[in-house]
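The values are calculated or read from the model by the stated rules, or taken from the named source; none is laboratory data. If you're wondering where the values come from, they're calculated on a predicted model, not measured in any experiment. Glycine also receives a Cβ, built like all others from the backbone with ideal geometry; neighbour counts cover every protein chain displayed. With ligands, DNA and RNA removed, areas are computed over all heavy atoms of the protein, side chains included. Shrake-Rupley method; radii C 1.70, N 1.55, O 1.52, S 1.80 Å.
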Amino acid sequence: MTVSGRFVALLAFGVVPVVLLGASTATAYLALAGWIALCVALGLVDLLLAASPRAVALQRTLPARVRLGTEALSELYVTNAGRRMLRGTVRDAWEPSAAAQPSRTRVAIPAGERRVVQTSLRPWRRGERRVRNVTVRAWGPLHLWARQATLEAPGRIRVLPPFTARKHLPSRLARLRELEGSTTVLLRGQGTEFDSLREYVRGDDVRSIDWRATARRHDPTGGSGARVMVRTWRPERDRRVVIVIDSARTSAARVSDEPRLDTAFESALLLAALATRAGDRVDLVAYDRVLRGRVQGASGPELLARMVDAMAGIDPALIEMDWSAIPAQVSAVTSQRSLVVLLTSIESPGASRGLLSVLPQLTEKHLVVVASVTDPDTIAATHQRQDRDEVYRAAAAERALLDVSRVSAAVRRLGGDVVTGSPADLPPALADRYLALKAAGRL
């Protein structure tokens, strides 16, 4: 049971006779007691006339998935199975991170009828957003007292990564088509997988001449029908790309108001979308000391669907990364030479000691690229030296950038490659490095 502000205001009128007749007179106290008794009697009558909130049937309709930052609509069907008119408020008790609006809805449902309560959800956190209870408050006709009950109506919605980096995909796909020869002539230096034969034109590399095909097309009469044939090449297809995401404590740091882990997800999704269009096979591993997620054996549209579904439930773990287990995790995915992309942090030599210790095992067999987020505020701080505080801050920023450079140099000495960038720049930078490796014939 609960009371309304109207009932409180009604009780407050009881002080009027006390003020008019005087606080010390017995008549004033009798009038006040009578007024309180009248208000309570009205409240009891109002409570008896209110509909029962427990005689309510609930049914929920929800989308299964929604991307982070987009809006979803939750529909709650409220059926009045009682014998009285239900006038009241329905509160759909979503988690705060679901950002449900409105949280309370006024309803007026005649006996035996049903109404729908719509709630707009705009989640600001990934993962499972759940709702378990619905609170129904039924008021009487005077709106003084109300009956209240909390009923179970469980529901959940899975919030997927937003994949805002998809805006970079069309331009990279255009470059991929140029690389594969859809819009330009394929040359020897653009790949290592045989594509087709064509006639020799001036400027072609003579090393690409196919003498057997030329002999087959040779005119036996010695006429002008003889043609020299050359081979065209393209980057190899059906290569393996293994993306390893570091989900340990360093991935929880926020850079430009975004966790490092979310930037890693964006980079992985853009690279996967590009690589699968290029005909390569992509696998994903999220690891710290425990395997948090794995996507293996998927291709085409199924790949991104499985990746975002696996990423939705992964949060940073506040433990150290176990780099010694990464070679085994990669070997469990594939045994052939692959492009291994490590999405981690290389901001300090001490924290990167584990990464550097296992790089030789990976670079011995695979092509390794280490991708790391850099803080744009750190770079901006190096240019602000107006007062003493800014000078000290600039010195600290320079030191941080120097540490990143030292770790990057160590990675390159061990045979790996490094890609760094701000949260907005890292996904396209990693995609560009993939295309550069394709163009160089290294992948």
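For the residues A371, A396, A424, the requirement of being hydrophobic (A, V, I, L, M, F, W, C), open to solvent by 50 Å² or more (accessible area, probe 1.4 Å), outside any helix (DSSP H, G or I) and closer than 25 Å to P259 by Cβ singles out A424.
Condition check: open to solvent by 80 Å² or more (accessible area, probe 1.4 Å) and in contact with a helix residue (DSSP H, G or I) (Cβ under 6 Å, 6 or more places away or on another chain). Does E347 satisfy that? When the stated conditions are applied, E347 passes them.
Restricting attention to the stretch 299-316, the residues that are surrounded by fewer than 18 Cβ atoms within 10 Å (Cβ to Cβ) and assigned to a loop (DSSP other than H, G, I, E, B) add up to 4.
Consider D377 carefully, then state whether it is open to solvent by 70 Å² or more (accessible area, probe 1.4 Å), without any contact (Cβ under 8 Å) to a residue 60 or more places away in the chain and assigned to a helix (DSSP H, G or I). Considered against the rule, which asks whether it is open to solvent by 70 Å² or more (accessible area, probe 1.4 Å), without any contact (Cβ under 8 Å) to a residue 60 or more places away in the chain and assigned to a helix (DSSP H, G or I), D377 comes out as no. Checked against the criterion of being of a type in the set (A, V, I, L, M, F, W, C), more than 20 Å from A149 (Cβ to Cβ), surrounded by 15 or more Cβ atoms within 10 Å (Cβ to Cβ) and at pLDDT 85 or above, the candidates A9, A50, A72, A28 yield just one match: A72. Restricted to the stretch 87-127, and to residues that are open to solvent by less than 50 Å² (accessible area, probe 1.4 Å) and in a helix (DSSP H, G or I), which residue is nearest to R137 (Cα to Cα)? Checked the stretch 87-127; the qualifying residue nearest to R137 (Cα to Cα) is A98.
For the stretch 400-408, check the following and say yes or no: at least one residue is closer than 26 Å to D280 by Cβ and either open to solvent by 40 Å² or more (accessible area, probe 1.4 Å) or more than 26 Å from the chain's Cα centre (by Cα) (or both). Checked against the condition, which is being closer than 26 Å to D280 by Cβ and either open to solvent by 40 Å² or more (accessible area, probe 1.4 Å) or more than 26 Å from the chain's Cα centre (by Cα) (or both), the stretch 400-408 yields at least one hit. Please indicate, with yes or no, whether at least one residue in the stretch 139-160 is over 21 Å from G313 (Cβ atoms), of a type in the set (D, E), open to solvent by 40 Å² or more (accessible area, probe 1.4 Å) and in a strand (DSSP E or B). Scanning the stretch 139-160 turns up at least one residue that is over 21 Å from G313 (Cβ atoms), of a type in the set (D, E), open to solvent by 40 Å² or more (accessible area, probe 1.4 Å) and in a strand (DSSP E or B). With respect to V66, is the statement that it is open to solvent by less than 50 Å² (accessible area, probe 1.4 Å), in contact (Cβ under 8 Å) with a residue 12 or more places away in the chain and within 20 Å of Q148 (Cβ to Cβ) true? For V66, the condition - open to solvent by less than 50 Å² (accessible area, probe 1.4 Å), in contact (Cβ under 8 Å) with a residue 12 or more places away in the chain and within 20 Å of Q148 (Cβ to Cβ) - is not met. Remark: pairs (first residue in the stretch 132-149, under 15 Å from T105 (Cα atoms) and among the aromatic types (F, W, Y); second residue assigned to a strand (DSSP E or B) and open to solvent by less than 10 Å² (accessible area, probe 1.4 Å); Cβ separation under 7 Å; 6+ apart in sequence or on different chains) = W139/G88; W139/A146.
A quick yes/no check of all residues on (1) open to solvent by less than 10 Å² (accessible area, probe 1.4 Å); (2) part of a loop (DSSP other than H, G, I, E, B):
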position	(1), (2)
V241	yes, no
D262	no, no
F265	yes, no
L271	yes, no
L274	yes, no
V285	yes, no
R289	no, yes
G297	no, yes
Q329	no, no
